[in-house]
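Only the coordinates and a few stated rules stand behind these numbers; no lab work does. On a predicted model such as this, the values are computed, not experimentally measured, just so you know. Cβ placement follows ideal geometry from the backbone for every residue including glycine, while neighbour counts extend to all protein chains displayed.
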Amino acid sequence: MEAAKTLSKISQDRWRWIMQGRIEGEKRDYITGINAAKREGREEGAKATAIANAKNLLKKSKLPPELIADCCSLSLEQVLALKKEIDKKPRPE
């Protein structure tokens, strides 16, 4: 009789251990996903800010595109594409 109780308790504990492991794994996966989304959002925000800064510098200064690219942490190709985009838009008089 005592052996049956012990075996039953061990089985319940094992089941609880398995379920707790699944719960912890799901929590860890959720937190990892949230952290990745936050990191991606920060990166996108930083890139958007760099592009906005480069556009402002292109519009309001005579700085060479190479310097703007270096200051804004953008590639020269990106800055030249932004310059081309700005030059295409008609300027208000």
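Things worth noting here:
- Take the convex hull of the alpha carbons in the chain; its mean projected area over all directions comes to 9.6 nm².
- Among the listed pairs Lys62/Lys84; Lys38/Lys84; Lys59/Lys88; Lys38/Lys59; Lys38/Lys89; Lys38/Lys60, those beyond 24 Å (Cα-Cα): Lys38/Lys84; Lys38/Lys59; Lys38/Lys89; Lys38/Lys60
- FRET efficiency, Lys5 to Glu26 (Cβ-Cβ, R0 41 Å, nearest 0.05): 0.80
- Centre separation in Å (Cα based) which lies between the stretch 3-25 and the stretch 42-66: 58
- Relative contact order for the chain, counting Cα pairs under 8 Å that sit 6 or more residues apart, in percent: 18
- Couplings for the stretch 54-60, taken from phi via the Karplus curve 6.51 cos²θ - 1.76 cosθ + 1.60 with θ = phi - 60°, read 5, 4, 4, 5, 5, 6, 10 Hz in order; Gly and Pro are left as x.
- Residue-wise HN-Hα couplings along the stretch 21-36, as the Karplus relation 6.51 cos²θ - 1.76 cosθ + 1.60 with θ = phi - 60° gives them from phi, are x, 5, 4, 4, x, 5, 4, 4, 4, 4, 5, 4, x, 4, 5, 5 Hz; Gly and Pro carry x.
- For the stretch 21-93, trypsin sites (Lys or Arg not before Pro) meeting the loop criterion (DSSP other than H, G, I, E, B) and having at most 15 other Cβ atoms within 10 Å: Lys62.
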